[in-house]
Amino acid sequence: MTSDEALMLEFQGGSRAAFDELFARYRKPLYGFFGRRLNNPERAEDLVQETFLAVIRAASRYEPRALVRTYLYGIALKLLAAERRKFLTSSTSGQSAPEPKTDGTPDSALWVRQALEKLDAPEREILMLREYEQLSYSDISELLRIPVNTVRSKLFRSRLALKSYLESEANKNPSLRASAAQQRRRGMQ
Amino acid sequence: MSMNRHPIEQEELMAYLDGELSADQATEALSHLELCPECQTLVADFRGVSQELMAWEVESPEIGIPSEINAALAERLQKREAAKIKTSWPRSENSIVTNRWVWAGALAIVCVAVALTLSLISRNRNRSDVRRTSYPSMASIEQYLMPDRNAEIALARSAAPESISDDAKILVLEWRGYETAIEGKNGFVCMVERSWTSPFNSAEFWNPKVHVPVCFNPAAARTILPLTIKRTEMVLAGLSKAQMIDSIKAGYDNKKLLAPEPGAMCYMMSRAGHLNDAVGHFVPHLMFYFPLIDKSSWGADLPDSPVTLNPQFQGGPEPITEFVIPVAKWSDGTAAPEM
């Protein structure tokens, strides 16, 4: 399998097929990135598109010093920050915050989301980048511009906090925990 | 957690689970983990948190490349082509330079520039390849799991033609090991093996990208599959390679692991697998298992022989000889490239 970095270099060299392959590899992960952070499927799709448009515009400046994956999430984080700033501006001018989408969302996912919301924003972001985007400590450190040791200690704290929260919630409502545990096991049977 | 009783800190243990420790540190973490119930509980808790987070799946709508992206792409590629033409050497008759020394000098400059560019690209690619192929220690378990169970089932089935895999038992890897996803009817067992079925000295023993679709025939399901199951259990339990090797040897000594039955073989005809970074999906092939025999008995590795000796078990603790024979088609019936 051709590496992402080789594909990016091929795209720089004018290969449309290389871009198509990168798009196929990263569209869903990027949608997951925005989808989990915005609760707005339409905006998530728009921002995935904007991420790839930014890649196209900046292709000539890409240097394979960083992994393409890290490069893409770097762009995605900037777009997300801009989106949040835009939302803050519009909300001060009277627009109300979008309600989290609950219809059709499995209980187990809601439960996880509520648990994540209990964390401080910086710790939540580190945890999500590690768990969902599977970025390394050094990649997270580079993207968020914080020391690697800080990434590690915040990740540790957030996992412990999440474990403690999930346990207390499971004691209150055991059926939710069972639902979460079974989520991955739902298959073909 | 006291450092007197625990030579590594809890944070380091977490970093070990995330595949963030150096090989030496990871070995130390593993050694301690094997003996410390308290740390085993902590590790199980962290794995549990990761597993529960995976319950939040985000369904992405299935769409192609949007028109805005297509337009931007077309524009970029067009501009690039235009720039190439603009910067190419002037070709009008009036501007032809006739002095051959000037031509030679220009040619030399172009050659040096091309060589430098190629060298830089090659160096950059090599750099990314080195990064890609370095797997010094085990990554976190979720990196070895496939998030989509149905995709894993489909990949497992792709190891053999539908006429075989449709009725085969299908195993999928879960947090605690392989589990039966679908019961079979024909005695075959299909699964996606992970990197730890590689030789213990393989550089890709911990490569989480390795996905090896395989369908064992009934004889191999009885005598070879247990090896894959055992290696997986030991990896998930955090055993060191040395301990795994010892345990496999002991398994053969005490007859808990059996020599390959006569006729044991498997299908590996998937075009979607990733056997390792070096060969990708490789070519479709069949593999045949025997108790240790000399490769000359099959004419393996001789000039023009289609049979090769597979290195998987060579020098390993398993007393098995394994031959590989490439076949002409992928499991979906399409023609495969020549080996």
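The values are calculated or read from the model by the stated rules, or taken from the named source; none is laboratory data. Bear in mind the structure is a predicted one, so any value in this text is a computation, not a measurement. Every residue, glycine as well, gets a Cβ built from its backbone with ideal geometry; the counts of neighbours run over all protein chains shown. Ligands, DNA and RNA are stripped out before the accessible areas are found, and what is left, the full protein with its side chains, is counted by its heavy atoms. Shrake-Rupley method; radii C 1.70, N 1.55, O 1.52, S 1.80 Å.
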For q = 0.13 Å⁻¹, what log10 I(q)/I(0) does region B:162-248 give under the Debye formula with an equal point scatterer on each alpha carbon and no solvent? -0.43
For peptides B:58-71, B:18-31, sequence by mean Cβ density within 10 Å, most packed first: B:18-31, B:58-71
Projected area, mean over directions - region B:139-326, Cα convex hull, nm²: 10.3
Which residues does a label at residue B:301 reach in region B:179-199, if reach means a backbone N under 19 Å from a point 7 Å past the Cα toward the Cβ? B:198-199
Packing-based order for B:259-270, B:197-208, using average beta carbon neighbours within 10 Å, highest first: B:259-270, B:197-208
At a probe of 1.4 Å, how much accessible area disappears from chains A and B on forming the pair, both sides counted, to the nearest 100 Å²? 5800
For a quick check: with amide H placed at 1.01 Å from N, whose amide H comes under 5 Å from residue B:137's, ignoring anything fewer than 5 positions away on the same chain? none
Distance in Å, no decimals, from the C-alpha centre of region A:1-45 to the one of region B:150-221 is 28
With a cap of 14 neighbouring Cβ atoms within 10 Å, and only residues DSSP puts in a loop, list the trypsin sites (Lys or Arg not before Pro) found in region A:1-84. A:65
